[in-house]
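Colleague: Handing you a structure now.
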Amino acid sequence: MEMKTKVEADGGKQEIRITREFDLPVELLFKAYEEPEILEKWMGTKVLKLENKDHGAYRFETSDAGGNVVFSANGVIHEFKPNQRIIRTFEMENTPFPVQLEFLEFEKLSENTSRLYILMIFKSGAYRDQLLKMPFASGINMAHNRLQEIAGKLKNN
Amino acid sequence: MNLRRDVFQAIADPTRRAILLLVAAQSMTAGAIAANFNTARPTVSKHLHILTECELVKPEQNGREIYYHLNPTRMKEIAEFIEPFRKMWDDRFNKLESIMKNYKPKK
């Protein structure tokens, strides 16, 4: 079975590589990263700050149904090149995880298709494995699910 | 933890990945596996040794020959290690794609 999103985490390395092809023009793919309202929808988190420029910064926050913050993260945007590249740091707040470095490469494949390649670099291989294993993935997914519940309720009202 | 890391080191090597693919199809002797590579026989033996140590393949005596076969349980453990993380991004990107397919630029 062909998996649309490919994740590679080689042994002994301290990086994760994510590759995904989209049935979208590269401009629309990039816009999903650029516009806070759109980013909020697919990342399932609130965007508190998003300065799309070199030396800009961003901050995300996710709350549960009761309004308690369950996840927050921030970073500095090192380079912002529309439809081509974002280089940024990413750090989860109130966790023992150190900051990580992310290279996002947006590539035009055809008029209507594009590819996103993300390279995440961690402080150590052990931290990477830890992140892959649990708290991050499940933590965000839980927050994500809660948010979907809320959105579902809002729709029904 | 150490064993885990070793497993990932084991599958990081392209020759070892190729060996895993070979024995996934059918159990093979070291000689039959080596015949698929240009590298020297001792090199293939070394790779098989690492794969055996990590329990990715299991040697089994069959008459005078030793056949290597894949340990599916171990392979599954590796896939599952990354799978939740992959699934999370896959879900997000699917959502991104469907949102942007319906995107209408603001005027």
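Colleague: Taking the Cα-to-Cβ direction at A:HIS78 and at B:LYS87 and moving 7 Å from each Cα, how far apart do the two end points lie in nm?
Modeller: 3.2
Colleague: Thinking of the protein assembly as shown as a set of Cα atoms, what percent of all their pairs are more than 23 Å apart?
Modeller: Summing the P(r) of the protein assembly as shown above 23 Å gives 60 percent of all pairs.
Colleague: Continuing with this model, one more query. I need to check one value: relative contact order of the stretch A:25-130, counting alpha carbon pairs closer than 8 Å and at least 6 residues apart, in percent.
Modeller: Relative CO of the stretch A:25-130 lands at 20 percent.
Colleague: Give me a comma-separated list of calculated 3J(HN,Hα) values for the stretch B:54-61, in order, Karplus coefficients 6.51, -1.76, 1.60 applied at θ = phi - 60°, integers in Hz, x for any Gly or Pro.
Modeller: For the stretch B:54-61, the Karplus curve yields 7, 6, 7, 10, 10, x, 9, 6 Hz.
Colleague: At a Förster distance of 25 Å, what's the computed FRET efficiency of B:HIS49 paired with A:ALA126, Cβ-Cβ distance as r, to 0.05?
Modeller: 0.50
Colleague: For chain B, find the longest principal axis of its Cα atoms and tell me its angle to the long axis of helix B:2-12, 0 to 90°, nearest 10.
Modeller: Result, in degrees: 90.
Colleague: What percent do you get for the relative contact order of the stretch A:14-73 when only Cα pairs under 8 Å and 6+ apart count?
Modeller: Answer for the stretch A:14-73 is 17 percent.
Colleague: So between A:ASN112 and A:LEU48, what do we pick up on full extension, going 0.36 nm a residue minus the alpha carbon distance?
Modeller: 19.9 nm
Colleague: Through the Karplus equation 6.51 cos²θ - 1.76 cosθ + 1.60, θ set to phi - 60°, convert the phi angles of the stretch A:82-97 into ³J(HN,Hα) values in whole Hz; use x for Gly and Pro.
Modeller: Going residue by residue, I get x, 6, 10, 7, 10, 10, 8, 9, 9, 9, 7, 7, 6, 9, x, 6 Hz, with x marking Gly and Pro.
Colleague: For the stretch B:61-107, which chymotrypsin sites (Phe, Trp or Tyr not before Pro) are in a loop by DSSP, counting at most 15 other Cβ atoms within 10 Å?
Modeller: In loop regions of the stretch B:61-107 (DSSP not H, G, I, E or B), the sparsely surrounded chymotrypsin sites (Phe, Trp or Tyr not before Pro) are B:TYR103.
Colleague: Next question. Calculate how large, on average over all directions, the projected area of the Cα convex hull of the stretch B:5-107 is; give the answer in nm² to one decimal.
Modeller: Projected area, direction-averaged: 9.6 nm².
Colleague: Would you work out the relative contact order for chain B, in percent, from Cα pairs under 8 angstrom that are 6 or more residues apart?
Modeller: Answer for chain B is 24 percent.
Colleague: Using only Cα atoms, what is the ratio of the radius of gyration of the stretch A:1-140 to 2.2 N^0.38 Å?
Modeller: 1.06
No lab work stands behind these numbers, since they all come straight from the coordinates. For clarity, every value in this text was computed on a predicted model and none was experimentally measured. All Cβ positions, glycine included, derive from the backbone under ideal geometry; neighbour counts span all protein chains shown.
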